[in-house]
Amino acid sequence: MPRVAPFAGLHYSMASFGGTTVPDRVRLPDDADAPPARVADITDLCCPPYDVIGDSQRVELLARDERNAVRVEFSPEPDPHASAARTLGLWTADGTLQRREEPAAYYYRHTTASAPDDLTVEGVLLRVLLEPWGDGIRPHEHTMPGPKADRLALLRSTRTQLSPILALYFDRSDRYHHVMGRAWSEEWRARDADGLLHQLAAIEVDDRLLGYLARQTLFIADGHHRYETALAYQAEVRHDPRWSAAAPGELAADWIMMLLVNAELSELEIRPTHRLLLDADPHALGSLAAGHDPLFEAIAMSPSGLASALDERRFDETPAFGLVLPDDHGFLLVGDRRGLAERLLREQMSPAVRALDLTALHVAVLGDRLGISPDDVAAGNRLAYTRDEADARERVTRGEAVCAILVRSTRLEQLAEVASAGDVMPQKSTYFYPKLLTGMVFNPLED
C-alpha cells in the first residue's frame, strides 16, 4: 500500500497576494457565512500543465503577469530549464514565493463544466512515496519518451515538482470525509482559462486520514510522464554515494506531490483525444471508407455529424470511430465485435485492454491496415493529437493531416479495470478535465 505524508509547500506568498476580502472573481456562495481569514486570488499567476499549453496560450499567460507560473512550467527562453531554475530562485528571494514553515496536507477542490458554480471534485494533496508500478500505485496508459526527457531536464534544473499528479482511489464509503470539510484560515483560489474555480487550503495533518489514504490502491489518472520522471530523478539522486544508503523516504527525491481523489464520491470528466494521421496510405484509407474491410462497416455521413453519432453510441460496447477524409468526406466506422475479438486474441494484453475502442484502433486500423507501428506512435512522427473535434476536421481540410480519426471517451470504470489487471492502455487514452493548475503549490526537493 502507498506511503503518504504531508509536505512544506512553496506558495505564492500570502503576504504579497492575499487579503482579508474575497475578490469577486473567486467568490463562493458560502463565503458570506464563513469567509476565510485570508485568501489569495492567483488566477493571473497560475497556468495549466505544460502538455496542454499551446503557443498562443503561452503568449497570453506571459502577458497576464510577469510572475505567472508558465515562466517555470514552460519557459519561452532559449534555455528553458535553466531559466526556470533562475526564476524560481529570484521569486523565492524577492518574496513572490514563500515556503510553509511546517508540513501540511492540502485540501484541493475544483468545479466542473457540468457544475461550474459547485466545487464537486475534491481531494487531498500530499506527498506519496515513489515506488515502481505495482500493487500500491498503478498506471493505466503508455507514456512517450519525448515528454519524459523534457520533464527530467526541468526537474534536474529546478529541483522542484511544479505540478501535482492526479491519482484516483475507489471507496464507496465516506470515511474521513468530515476531515476535509473542516474550517481553515488561508486559501489560494484561481479560475482556469475556462472559468472553472480551483481552491487550495492547508489542513491539519490527521493521522487517521493519512492512515486511511495509505490503505488505498492508487490509480494514476493524469501525470504518468511526471511519475516516471520522478522515478528517474530519484534513481539519479540515489546513485550519488552521499545518498545511496539513505533509508526509503529519507530523501525529498523519494516522494512525489499527488492529489488523491475518491472517484466514487467525485464526478470526474474524461474527454477524448482524437488522432490525426500525418502520413498514411491513401489506398488503405480509401478501402476502409469504401467498406471493403471485413472488420469495419463504413457509414457515410457529414464530418460535422460524426461527434454526435459517436456520442449516441457512448455506452455501446461495439468499437466505433469517426473517419474524416479530405473534400468533406466522413464515415462512421463500426467494428465487428466477434471479428475484432478474434484478431485481438493474438495480442499479449489483458481482456480489459482488448475491450477498448482505442485498442481496436491502434491494432486493427493503425497497425494492420495503415502500417503505423507502436514505435511510430511512440516517436510521434506519423500521429498527432487534438482534443477538439472541430480542430481535427479543420486540420484535415487545411491539408495538415491526411485524415482524422475521432474517438469516444474512455469510461472511468474501464480505466479501473485496466489498471487493476496490471495492464496499460494506448497513449493518450484519457484526458481528465479540467487539469489541475500549476502554481497552486510547488514541492521543493532541496531538503
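The values are calculated or read from the model by the stated rules, or taken from the named source; none is laboratory data. The structure presented is a predicted model; accordingly, all values stated were derived computationally and were not measured. Glycine gets a Cβ as well: all are built from the backbone with ideal geometry, and neighbour counts include every protein chain shown.
Within segment 285-297, how many residues turn out to be among the hydrophobic types (A, V, I, L, M, F, W, C), surrounded by fewer than 17 Cβ atoms within 10 Å (Cβ to Cβ) and touching a helix residue (DSSP H, G or I) at 6+ places or on another chain (Cβ under 9 Å)?
Selection size over segment 285-297: 0.
Is it the case that V237 is within 18 Å of A5 (Cβ to Cβ) and part of a helix (DSSP H, G or I)?
Numbers: within 18 Å of A5 (Cβ to Cβ): yes; part of a helix (DSSP H, G or I): yes.
Here the answer is yes, as V237 does meet what is asked.
Can you run down the residue pairs with Cβ atoms below 9 Å, 6 or more apart or on separate chains, where the first is in segment 112-128 and under 17 Å from I203 (Cβ atoms) and the partner is among the acidic types (D, E) and part of a strand (DSSP E or B)? From residues that are under 17 Å from I203 (Cβ atoms), the pairs are V121/E269.
Scanning segment 89-111 for residues that are without any contact (Cβ under 8 Å) to a residue 12 or more places away in the chain and either loosely packed, with under 12 Cβ neighbours inside 10 Å or assigned to a strand (DSSP E or B) (or both) gives A93, D94.
Answer yes or no: is there a residue in segment 389-400 that is among the basic types (K, R) and at pLDDT below 95. The answer is no, given that none of the residues of segment 389-400 is among the basic types (K, R) and at pLDDT below 95. Does segment 177-191 contain any residue that is in a strand (DSSP E or B) and over 30 Å from D33 (Cα atoms)? Among the residues of segment 177-191, not one is in a strand (DSSP E or B) and over 30 Å from D33 (Cα atoms), which makes the answer no.
Any residue at all in segment 125-132 that's under 24 Å from A167 (Cα atoms), assigned to a strand (DSSP E or B), touching a Ser or Thr at 6+ places or on another chain (Cβ under 7 Å) and of a type outside the set (S, T, N, Q)? Scanning segment 125-132 turns up no residue that is under 24 Å from A167 (Cα atoms), assigned to a strand (DSSP E or B), touching a Ser or Thr at 6+ places or on another chain (Cβ under 7 Å) and of a type outside the set (S, T, N, Q).
Mind counting the residues in segment 26-72 that are assigned to a helix (DSSP H, G or I) and out of contact with any Pro (no Cβ under 7 Å at 6 or more places or on another chain)? Show your work before the answer.
Filtering segment 26-72 for residues assigned to a helix (DSSP H, G or I) gives 26, 29-32, 50-52, 55-64, 70-72.
Narrowing further to those that are out of contact with any Pro (no Cβ under 7 Å at 6 or more places or on another chain): 26, 29-32, 50, 52, 55-57, 59-61, 63-64, 70-72.
Summing the residues that are assigned to a helix (DSSP H, G or I) and out of contact with any Pro (no Cβ under 7 Å at 6 or more places or on another chain) in segment 26-72 gives 18.
E73 passes every criterion in (1) surrounded by fewer than 19 Cβ atoms within 10 Å (Cβ to Cβ); (2) modelled with pLDDT of 95 or more apart from (1). Being at negative phi, part of a loop (DSSP other than H, G, I, E, B) and modelled with pLDDT of 90 or more is the requirement here; does A246 meet it? Taking the combined requirement at face value, the residue satisfies it.
Conditions (1) outside any helix (DSSP H, G or I); (2) among the acidic types (D, E); (3) at negative phi; (4) in contact with a strand residue (DSSP E or B) (Cβ under 9 Å, 6 or more places away or on another chain), marked per residue:
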position: A307; (1), (2), (3), (4): no, no, yes, yes
position: L310; (1), (2), (3), (4): no, no, yes, yes
position: F315; (1), (2), (3), (4): yes, no, yes, no
position: D327; (1), (2), (3), (4): yes, yes, no, no
position: L340; (1), (2), (3), (4): no, no, yes, yes
position: R343; (1), (2), (3), (4): no, no, yes, no
position: R346; (1), (2), (3), (4): yes, no, yes, no
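Here A360 meets the list (1) crowded, with 23+ Cβ neighbours inside 10 Å; (2) touching a His at 6+ places or on another chain (Cβ under 7 Å) almost entirely, failing just condition (2).
Report yes if some residue within segment 362-375 is touching a strand residue (DSSP E or B) at 6+ places or on another chain (Cβ under 6 Å) and β-branched (V, I, T); otherwise report no.
no
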